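The values are calculated or read from the model by the stated rules, or taken from the named source; none is laboratory data. Just so it is clear, the model here is predicted, and its values are computed rather than measured. As a convention, Cβ positions derive from the backbone with ideal geometry for all residues, glycine included, and neighbour counts pool all protein chains shown.
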Amino acid sequence: MKETGVAEAAVPGEEELLARVRQAWAEVLGLGEAGEVPLDTNFLDAGGSSMLLIMLWEELNPLSSGGLRVSDLFQHSTVNAQVALLAGGGDHEATRVGARDRGRLLDRSRAGRSASDRGESAL
């Protein structure tokens, strides 16, 4: 490796961030390998909980500039979104898509409950 005289950045690159975020998820979720961690699945859907999200925050906070909040992980709830957040991009599109999908599921669930309350089929 050439000596450039320029100090390397303290923030890891995106590939390293991806590996470290996947490893943190694997440890917190009790998965055998980081490669088993899905990239675009919501943390809660992958088997996480609010308490486990706090444990994930403890693992990921040192990878940030120190300003990472637990609420950021709720808003950026997939591996890819968290990598983008930690890399400085924030991946707000992924956040909007995830929120929109959760909203659709809630609407569908509510419609099903209302129909079942009336003895109807929601389909």
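Which residues, taken from segment 59-68, are loosely packed, with under 15 Cβ neighbours inside 10 Å and in contact (Cβ under 8 Å) with a residue 12 or more places away in the chain?
Kept after step one, since they are loosely packed, with under 15 Cβ neighbours inside 10 Å, are these residues of segment 59-68: 62, 65-67.
Of everything in segment 59-68, just one residue is loosely packed, with under 15 Cβ neighbours inside 10 Å and in contact (Cβ under 8 Å) with a residue 12 or more places away in the chain, namely S65.
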* Quickly run through segment 71-83 and pick out the residues that are at pLDDT 95 or above, surrounded by fewer than 22 Cβ atoms within 10 Å (Cβ to Cβ) and among the hydrophobic types (A, V, I, L, M, F, W, C). => L73
* Report, ordered by the first and then the second residue, all pairs with beta carbons closer than 8 Å, sequence separation of six or more or different chains, a first member in segment 28-56 that is on the phi < 0 side of the Ramachandran plot, and a second member that is acidic (D, E). => V28/E59
* To do: Taking N42 as meeting all but one of (1) in contact with a Ser or Thr (Cβ under 8 Å, 6 or more places away or on another chain); (2) at pLDDT below 90, write down the number of the exception.
  => (2)
